[in-house]
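*Asks:* Okay, handing you the structure first.
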Amino acid sequence: MAEVIYFIITIALLVFVHEFGHFIAAKMTGMRTEAFSIGFGRRVLGWSKPRGFSFGALPEDVDLGGYTDYRLCWLPLGGYVKISGMVDENLDAEFEKSEPKPYEFRSKSAPAKIFVILGGIIMNVLLALVIFWVMFISSEKQSVEIRAMKYIPTTSLAAGQGFKIGDSVVAVNNTKVKFLNELQEQIVVHNAGKDIKIDFTREGKPHSVTIPKDSIAKYEKIGAFFPFDDRTQPFIEAIPDPNSPAGKAKLHPKDKILSINGEQMATVSNVIDVISSTEGKPVDMTVLRGADTISVALQPKKDEASGKFLIGVQLNGTVDTTAYHSEEYGFFEAGSKSVEQIGSVTVLTFRMLGKVISGDIAFGKAFGGPVKIAQIAADSADKGATGFFFFIAMLSLSLAIFNFFPIPVLDGGHLVFIIIEAIIKREIPLKVKMGIMNTGMALLIGLMVFVLYNDIFGM
């Protein structure tokens, strides 16, 4: 039930903001708005100045005298603003032959039309900007310094490129980086799709290596590229199940893990990777318990849920707190970071789309429909208001980007019509427009059905 409620709240807010953008832009340019609807399909209830509140559909011959009917419709999967003189399925040949009225969309200049079409996209971006801005102002800026690598998994890109324990990255494509977030932004955003030149120090001496873009594209997470784990001197925090391999081996909480099969363990990630790679083979573990060094034999057990081999412990490590820096964002700095966040998300969205088109990422993993949105909305709300509003900001930005695509019936499709008409200096015939729009609608409905199917059967 919670998922349904949060889904309705999320969709209603995003649709209202998007359609309000079209609505206010139409009013600013002198266009008449006949209806402002949250939801599709039959009208459930609504309000207009001439008629007040009313239920059900309005009479077909109703004349609101230029006022807007604000309505709720039964299918809460979107919404629309009906602007006089704008192409929809109710227009006919007589309309096409009639003289454009001053308050109609078709009578306005190309810049005015473009402004109205972009109104929804602009409002979605502004919503995301405001949410990000408030989040940055109300939170602390946390940065983690890049330190020397303490452990390099053999499967990581760093290992494949010859990096060694003790190496420390100082620059990416000649741009200096001090913190992990700067390293990530340089690789994932600013230099996306490029070969990457990494400058680093080894035993105090400068070195560099150039990594081909094809190699970087295989690693979706920065941790698989340059591993960073600040939890050194790994120790056992808890053993939840006494019948687990660790419980049977009589390991204790607070045992410090020194080595596995003779290999010294530098970080928590080091322990996890070595245990996972055993494929169930017995391992010898050396731990420090108080002042005593103890060796035990364990047989890792496969976890059916994750498919990984585990020993049944919760791990932790000693954290170097000197690598962490916190400070409050100023008002304008928070605004600047919000703009950067929007830019980063936009770049990553198009990169994700490119990977879907190329087949590198399955469509179902990259895109979700109503079911997935409801699940994520509820999960985000469980983490508090901050998590929920961050999700809304991300979804609002995604809606803006999606609507910008040049697909008929979307805002981007309308923009294409306007630009073509401005170039040829005449309107595209109504039949042609309607044919293209109907085709676009059919494709969009097909996409929605596919996404919904994937949501339900991909769960």
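The values are calculated or read from the model by the stated rules, or taken from the named source; none is laboratory data. Because the structure is a prediction, the values reported are computed rather than measured. Note: ideal-geometry Cβ built from the backbone for every residue, glycine included; neighbour counts use all protein chains shown.
*Asks:* Kindly state which strands (runs of 3 or more DSSP E) lie completely within segment 51-146 and contain at least 3 residues that are of a type in the set (Phe, Trp, Tyr) and buried (at least 19 other Cβ atoms within 10 Å of the Cβ).
*Replies:* Per the criteria, no element qualifies.
*Asks:* Another question, if that's okay. What are the pairs, 6+ residues apart or on separate chains, where a residue within segment 206-227 that is on the phi < 0 side of the Ramachandran plot and at pLDDT 80 or above has its Cβ under 6 Å from a residue that is surrounded by 11 or more Cβ atoms within 10 Å (Cβ to Cβ) and among the aliphatic types (A, V, I, L, M)?
*Replies:* If the second residue must be surrounded by 11 or more Cβ atoms within 10 Å (Cβ to Cβ) and among the aliphatic types (A, V, I, L, M), the pairs left are Val209/Ile198; Ile211/Ile196.
*Asks:* Residues Gly335, Gly317: which one is farther than 30 Å from Ala238 by Cβ and out of contact with any His (no Cβ under 6 Å at 6 or more places or on another chain)?
*Replies:* Of the residues listed, the single one that is farther than 30 Å from Ala238 by Cβ and out of contact with any His (no Cβ under 6 Å at 6 or more places or on another chain) is Gly335.
*Asks:* Still on this structure, I have one more. Would it be correct to say that Phe228 is in a loop (DSSP other than H, G, I, E, B), out of contact with any Phe, Trp or Tyr (no Cβ under 6 Å at 6 or more places or on another chain) and hydrophobic (A, V, I, L, M, F, W, C)?
*Replies:* Spelling it out, Phe228 is indeed in a loop (DSSP other than H, G, I, E, B), out of contact with any Phe, Trp or Tyr (no Cβ under 6 Å at 6 or more places or on another chain) and hydrophobic (A, V, I, L, M, F, W, C).
*Asks:* For segment 152-177, name all the residues that are at pLDDT below 85 and among the hydroxyl-bearing types (Ser, Thr, Tyr).
*Replies:* Across segment 152-177, the qualifying residues are Thr154, Thr155, Ser156.
*Asks:* Given Val287, Val271, Val283, Val296, which one is within 32 Å of the chain's Cα centre (by Cα) and at pLDDT 90 or above?
*Replies:* Val271
*Asks:* Out of the helices (runs of 4 or more DSSP H) lying entirely within segment 348-423, which hold 2 or more residues that are buried (at least 18 other Cβ atoms within 10 Å of the Cβ) and at pLDDT 85 or above?
*Replies:* 385-404
*Asks:* Name the single residue, out of those in segment 424-451 being under 29 Å from Ile9 (Cα atoms) and either assigned to a loop (DSSP other than H, G, I, E, B) or among the small types (Gly, Ala, Ser) (or both), that is modelled with the highest pLDDT.
*Replies:* Checked segment 424-451; the qualifying residue modelled with the highest pLDDT is Ala442.
*Asks:* Further, regarding this structure: Collect the residues in segment 19-50 that are part of a strand (DSSP E or B), within 17 Å of Gly85 (Cα to Cα) and charged (D, E, K, R), keeping them in residue-number order.
*Replies:* Matches in segment 19-50: Glu34 only.
*Asks:* Do we have Gly78 as closer than 28 Å to Gly387 by Cβ and out of contact with any Cys (no Cβ under 7 Å at 6 or more places or on another chain) here?
*Replies:* Against the criterion (closer than 28 Å to Gly387 by Cβ and out of contact with any Cys (no Cβ under 7 Å at 6 or more places or on another chain)), Gly78 qualifies.
*Asks:* I'm trying to understand the selection: among the residues of segment 52-104, which are at pLDDT 90 or above and basic (Lys, Arg)?
*Replies:* Arg71, Lys82
*Asks:* Write out, first by first residue and then by second, each pair whose Cβ atoms fall under 6 Å of each other, whose residues are 6+ apart or on separate chains, and whose first residue, in segment 58-80, is closer than 19 Å to Phe16 by Cβ while the second is among the acidic types (Asp, Glu) and not in a loop (DSSP other than H, G, I, E, B).
*Replies:* Listed by first residue and then by second, the contacts come to Gly79/Glu19.
*Asks:* Quickly run through segment 236-270 and pick out the residues that are buried (at least 16 other Cβ atoms within 10 Å of the Cβ) and part of a loop (DSSP other than H, G, I, E, B).
*Replies:* Selection gives Ile239, Ser244, Ala249, Leu251, Asp255, Met265, Ala266.
*Asks:* Now for a different question. Scan (1) aliphatic (A, V, I, L, M); (2) within 31 Å of the chain's Cα centre (by Cα); (3) surrounded by 13 or more Cβ atoms within 10 Å (Cβ to Cβ) for the single condition Ala305 breaks and write down its number.
*Replies:* Condition (3) is where Ala305 drops out.
*Asks:* Being closer than 22 Å to Lys248 by Cα and exposed (fewer than 13 other Cβ atoms within 10 Å of the Cβ) is the filter here; which residues of segment 309-336 pass it?
*Replies:* Gln314, the sole residue that qualifies.
*Asks:* Sticking with this one: For segment 147-185, enumerate the residues that are of a type in the set (Gly, Ala, Ser), closer than 13 Å to Phe228 by Cβ and not in a strand (DSSP E or B).
*Replies:* Ala148, Ser156, Ala158
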